[in-house]
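Rule-based calculations on the coordinates, nothing more; no lab input. The structure presented is a predicted model; accordingly, all values stated were derived computationally and were not measured. Here the Cβ is made from the backbone with ideal geometry for all residues, glycine too, and neighbour counts use every protein chain on show.
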Amino acid sequence: MLSFLLGLIPGAFTTINGITNAIANEKIAALSATTQQAQIASAERVAALEAQRDALISESNKSSLPIIIQSLIASGPTFILCKIFFYDETGFGTTNIPNDSALWNVIMVVVGFYFLHSVASMFKS
């Protein structure tokens, strides 16, 4: 069960050393490839791994303060959604949180902010 849950978040537990080892293994595989198609596929995987490594390195140079602030802002809607979906919908109890459009507007604004922030960070140089 744990491996299934960890498989849902593929990039969360990768490290720079793990990616560097994967790059080295892929370069070895490219040298031992017998066809030109296998060599091209291996070169593409190396390029993708190098891009992932470079992204991890650039993210590690940033301040952790925005991540902390974003996590604090997201903790309220996350708690409300978890309470509604896991506590109320399973029949263990009922909530006294008003289930109106204002609550869902706030939740959608927070979720939309995270989506737009992730899209905007992909286009940053």
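List of remarks:
- For Trp104 and Lys62, a Förster radius of 41 Å and the Cβ-Cβ distance give a FRET efficiency of 0.80, rounded to the nearest 0.05.
- Ranked packing of 26-32, 100-106, 83-89, most packed first, by mean Cβ within 10 Å: 26-32, 83-89, 100-106
- Distance between modelled label sites at Phe92 and Leu116, nm, 7 Å Cα→Cβ extension: 3.5 nm
- Rg to Rh, two decimals, where region 56-125 supplies the alpha carbon set and Rh follows Kirkwood: 1.11
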